[in-house]
1. Would you tally the residues in region 56-82 being away from ligand 1 (no atom under 16 Å from the Cβ) and touching a residue at least 60 places away in the same chain (Cβ under 8 Å)?
2. Determine which member of the set 293, 311 is touching a residue at least 40 places away in the same chain (Cβ under 8 Å), of a type outside the set (S, T, N, Q) and either closer than 28 Å to residue 44 by Cα or open to solvent by 20 Å² or more (accessible area, probe 1.4 Å) (or both).
3. Output the number of the condition that residue 184 fails; it satisfies all remaining conditions of (1) within 15 Å of ligand 1 (Cβ to nearest atom); (2) open to solvent by less than 30 Å² (accessible area, probe 1.4 Å).
4. Mind checking which residues of region 440-465 are closer than 20 Å to residue 44 by Cβ and in contact with a Gly (Cβ under 6 Å, 6 or more places away or on another chain)?
5. When region 3-19 is examined, which residues are found to be within 16 Å of ligand 2 (Cβ to nearest atom) and either in contact with a strand residue (DSSP E or B) (Cβ under 9 Å, 6 or more places away or on another chain) or open to solvent by 40 Å² or more (accessible area, probe 1.4 Å) (or both)?
6. What helices (runs of 4 or more DSSP H) completely inside region 271-355 contain at least 1 residues that are touching a Phe, Trp or Tyr at 6+ places or on another chain (Cβ under 7 Å)?
7. If you scan region 419-451, which residues turn out to be within 16 Å of ligand 1 (Cβ to nearest atom) and open to solvent by 10 Å² or more (accessible area, probe 1.4 Å)?
8. Checking residue 282 against (1) over 18 Å from residue 236 (Cα atoms); (2) surrounded by fewer than 16 Cβ atoms within 10 Å (Cβ to Cβ); (3) without any contact (Cβ under 8 Å) to a residue 24 or more places away in the chain, which test does it fail?
Amino acid sequence: ERLRPWWKDAIVYQVYPASFKDSNGDGIGDIPGLISELDYLETLGINTLWLSPMYKSPQVDMGYDISDFEDIHEPFGSLADMEKLIDGLHKRGIRLILDLVINHTSDQHHWFQESRSSKENPKRNWYIWRPPRYDASGQRQPPNNWRAAFGGSVWEWDEKTQEYYLHYFAPEQPDLNWDNEATRKAIYDSAIRFWLDKGVDGFRVDTVNKYSKPKEFIDAEITDPKNPWQYAYPLFCNGPRMHEFLKEMNRDAMAPYGEVMTVGELPCTPDSKEILRYVGAEERELNMVFHFDMIYLGMGTVHKYMPEPFDLRDVKAALGKWQRFIEGQDTWTTVFAENHDSARSVSRFASDAPEHREASSRLLALMLTTLTGTLFIYQGQEIGMANIPRHWPVDEYKDLETQNFWERMRKHTGGDPEGMEAAMDGIRLLARDHARTPLQWDGSKNAGFSAGRPWMRVHDDYPEVNIERQRDRSNSPLAFWTRMLRFRKQFAALFAHGIFREFDHENKAVFTYTKEVQNHSGGVYVHTDDAGGDDESRGEEVKKALVVLNFSAAEQHLVVPRELRDCRVRLVRLSVSTVAEHDGAAAPEVLAPYEGRVYFVL
Ligand code: TEU
Ligand code: CA
């Protein structure tokens, strides 16, 4: 069959540079620290690294505010360190994708400094400037009523040139004007080609559907005037020239370099047909996108941090939608449960209670490693790191999105204790900060992350939850993830590329699905001993597997789908190396709390 592009079998580990490993004791993670741990990543079994922004930046939004695409944030290291990292990864057969943040720059980028210097500056239209409106009482008003992701208006007043500039995110992140061809060309040269020339293998493309702005910035209908957060900016995704721009970016800046991987961060687009316009192979825009249906579960519709209830059926529906999205299409999909913008998955989708945290982490690992698509793991997920403890005060949360929300709640509630406790509960469940506490290496001071005072407090549970304590414990989250990544690669036709079918959808505790090899490809060969067997026989050909996951703290009956009742199912006990066989219809087994299992269907 057609040679499969490498990125369909990528297992991507996301590193958040500030929190991965500090090599020089300044409390900030850095690239030399990352380089010192490449063996750890290789042993885990990942084959691609996604490095969150390490570029020169004032760090207003942790590096998603870039002031020089072609240089490195000094505390993270130097361009020479980056070249050492690229070389160190490639020597290990690991590819590198960088974060491509090109919807906006930092206000400290020299492009913006020039643009704001005068209305006549040649770079004036590299950003989006508009004159004020005036209301009936002659008061100056922003060009429209949209609100920014981190609060306030999307328009920031510039006294010097008496105009507003647009920023979908923080005022320190002015949006670039993609309608201007010279700007696009400069972006392609500086943010893309500069790094592809250094041997980088692809990009995670930040806010990939926001670059094309509307012709007119008309007011959005704010249906709930009392709601100071009713976002309007997210309404503006997928603008009129989006596909034109991405086709041009791919054709001019990436295609000349061969198989460059692109994964787009594509929020606010629930419609699969709209997504296909971005990732259909013949579109030549992006290889794949992150779908946020699962990550958005529990986030408020009023404000992201005002949590709303959901249950396992919502999780199953969200995952199932993007498993089946690729059927009959020449396209691809992604599998992930964590990133630097999301709270920890054991806390959000299973249980971080001490008695359940490790089982929950293994359960999520078994789910993610048996789903089809390119798999992404976020630093710390492999050891089951959990959300920040409830008792931490709000000032331990460093993210501007959290702090801005807290301040707006204080204004909105007048500081009312109940209102503020509700805000704190939302932050405790959903804040982006949960993903940003330092990675826990061992039980020594600061969890071995830094010899100095870490930029962000280390989670209190680091003496119990750390890489050192899990390396050699066969049933630890880390050992299980390592085994599951090997298992996924060994049986890729089933787990990384197979056809997904869900059963028993209404069950609020158990997630049951099968995976089947695509009809054009043969089955996988299974030895009686799932660990890959040592007998020289090819083993038995298997075309289908059954996965059952108990997402509850109670025992649940294992219900083998009727379709499989007359099959022989062979339980693959991934925690130990023996394999027990029994008839599918044999005595119903009981799944322990947060226990997951995978069966080969013979
Ligand atoms: O995220 C954009 C994004 O959709 C989320 O950050 C969301 O908009 C935000 O949390 C408000 O709800 C990307 C990066 O992943 C994020 O870290 C940056 O803060 C953001 O873009 C701006 O670059
Ligand atoms: Ca450092």
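The values are calculated or read from the model by the stated rules, or taken from the named source; none is laboratory data. All figures in this text were calculated on a predicted structure; none of them were measured in a lab. Cβ sites come from the backbone with ideal geometry, for glycine too, and all protein chains shown count toward neighbours. What goes into the accessible areas is simple: the full protein's heavy atoms, side chains included, and nothing from ligands, DNA or RNA. Shrake-Rupley method; radii C 1.70, N 1.55, O 1.52, S 1.80 Å.
1. 2
2. Of the residues listed, the single one that is touching a residue at least 40 places away in the same chain (Cβ under 8 Å), of a type outside the set (S, T, N, Q) and either closer than 28 Å to residue 44 by Cα or open to solvent by 20 Å² or more (accessible area, probe 1.4 Å) (or both) is 311.
3. Unmet for residue 184, out of (1) within 15 Å of ligand 1 (Cβ to nearest atom); (2) open to solvent by less than 30 Å² (accessible area, probe 1.4 Å): (1).
4. Those that are closer than 20 Å to residue 44 by Cβ and in contact with a Gly (Cβ under 6 Å, 6 or more places away or on another chain): 441, 442.
5. 15, 16, 17
6. Per the criteria, 272-279, 312-324.
7. Correct list: 429, 432.
8. (3)
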